[in-house]
Amino acid sequence: MSFSTFGLTDSLIRAVADQGYARPTPIQSQAIPLILTGRDLLAAAQTGTGKTAAFALPLLHRLQTGRASRVTQDGRQPRALVLTPTRELAAQVGDSVRAYGRHLSLRTAVIFGGVNINPQIDALRRGVDILVATPGRLLDHAGQRTVNLACIEILVLDEADRMLDMGFIPDIRRLLALLPRRRQNLLFSATFPDAIRTLADGLLHQPAMLEVAPRNAPAPRISHQVHPVDRNRKQALLAHLVSAGNWRQTLVFTRTKHGANRLAQQLERDGISAAAIHGNKSQSARTRALADFKQGKVRVLVATDIAARGLDIEQLPQVVNYELPNVPEDYVHRIGRTGRAGRAGAAVSLVCGDETQYLKDIQRLLGQAIPSSVVEGFAPTGAHAPEAVNAPGTCAPQHRARQQNPTHHTRAAARCGETPTTQRRRAS
């Protein structure tokens, strides 16, 4: 199968070829024909599966070949809206839409918080066909009446499960009230907790349903490894792994913003170029750090979960969990930064004794034990090494409670010093 079999315009086929893509991924081959028919869609897709092109290409085709751009007394109004949970993901989706639409006459604008709102207002005044936005900043524009959403024909909710994690669902419901009732709705999510299913039931009309990977399943070509170590020796072990393995591009996750800053500074003192990204960093600082990382100027990028959601880094060799996440589903989201588009990747976790329960929960979610090995010279001296869970078919009562209770994500975030309100503000 090739992209030309979908009946996309020649301009879109040429743009896809410009990007170096020859054959569609599974999510693209299944979603594109459905979206072209105008149906609503509920899709389960992990990061790295090509889901952006899966909705961007048919969206561009429908807008280009459909009725002319609506022009009101206020100018050219948006006809398609893509909502994303974070600034970084909004920027990346916007880049992709522009790349695929480079030979079309459609205009795209990206709006998110953390930057000056005036250039965004200017772009909206000049006229926009496709709007990519984070919920918080879009509500700001709606409140100031600098955007008119009454002409939206297609709505995309990207990474809807993460929007739930970050407390965006009330904001999304406020935005839905500003949209026309008749429109096409596309909802993409890696997982489907009850709150997302409830949102989908109220949003989608007789949707087609797609699932291109098992629920909560990581990419198949990612190898998993645990290294038991005392908490106070994690930084030394990470520096050793990076240096001994000659790792040139490594994404490292911490649970807190302060921890990310401290670790990046310690690595710099060890002679390893590093940068941190998190919600307290300005958008320009986050953009600069990510650019330096992609260009190889920085070997280690230390990130919190919120800041790293949606990062698109080609051929990222490994992801390191410097601290395991409180919520096991976040492990899958974290390691989804590597092993993308069929490439191999490695997920390495540095685990101390008091993280054993987190590890057990992650292994139960994956349905497999993660190999564990002690790095020579870094054997833990305190608690026993983390144990493997060898019964993938079982599920502890406390884990079942997490799956059934969507507020667990919020409670876990609060334990790390982030409230839903804080998460929304930092992200958008």
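Each reported figure results from applying straightforward, stated rules to the coordinates on display, with no laboratory input. Here the structure is a predicted model, which is why all the values come from computation and not from measurement. Ideal geometry is used to build each Cβ from the backbone, glycine not excepted, and the neighbour counts take in all protein chains shown.
Some points to look at:
- Multiplying the residue separation of D194 and T37 by 0.36 nm and removing their Cα-Cα distance gives an extension gain of 53.7 nm.
- Partner aspartates and glutamates whose Cα lies under 20 Å from the Cα of K297, excluding those fewer than 8 positions away in the same chain, are identified as E88, E268, D270, D312, E314.
- Unit charges at the beta carbon, dipole of region 107-243: most positive-side option, V132, L176, A208: V132
- Proxy reagent accessibility, fewest Cβ within 10 Å first, across I362, I32, I121: I121, I32, I362
- Exposure proxy order (Cβ contacts within 10 Å, fewest to most) of L106, L57: L106, L57
- Between the beta carbons of A285 and S223, assuming R0 = 35 Å, the FRET efficiency works out to 0.60 to the nearest 0.05.
- Placing one equal scatterer on every Cα of region 116-250 and applying the Debye formula, the log10 ratio I(q)/I(0) at q = 0.14, 0.19, 0.21 Å⁻¹ is -0.82, -1.10, -1.27.
- For a straight C-alpha distance cut-off of 16 angstrom, the aspartates and glutamates reachable from K257 (same-chain residues fewer than eight places away being disregarded) are D305, E323, E418.
- Relative intensity, log₁₀ I(q)/I(0), of region 1-144 from a Debye sum that treats every alpha carbon as a point, q = 0.10, 0.13, 0.18, 0.21 Å⁻¹: -0.35, -0.58, -1.09, -1.38
- Less than 5 angstrom separates the built amide H of A45 from those of S189, A190, all sequence-distant by 5 or more or on a different chain.
- Within straight-line cross-link reach of K51, lysines at Cα separation under 24 Å, skipping those fewer than 8 residues along the same chain: K294
- Counting beta carbons within 10 Å around each of H278, H240 and listing the fewest first gives the order H240, H278.
- Note that region 53-61 has calculated 3J(HN,Hα) couplings of 5, 4, 9, 5, 5, x, 4, 5, 4 Hz, one per residue in order, obtained from phi through the Karplus relation 6.51 cos²θ - 1.76 cosθ + 1.60 (θ = phi - 60°); glycine and proline are x.
- Burial order of peptide ranges 197-206, 365-374 (average beta-carbon count within 10 Å, highest first): 365-374, 197-206
- Residue-span extension gain [S373 to A142] - 0.36 nm each, minus C-alpha spacing: 77.8 nm
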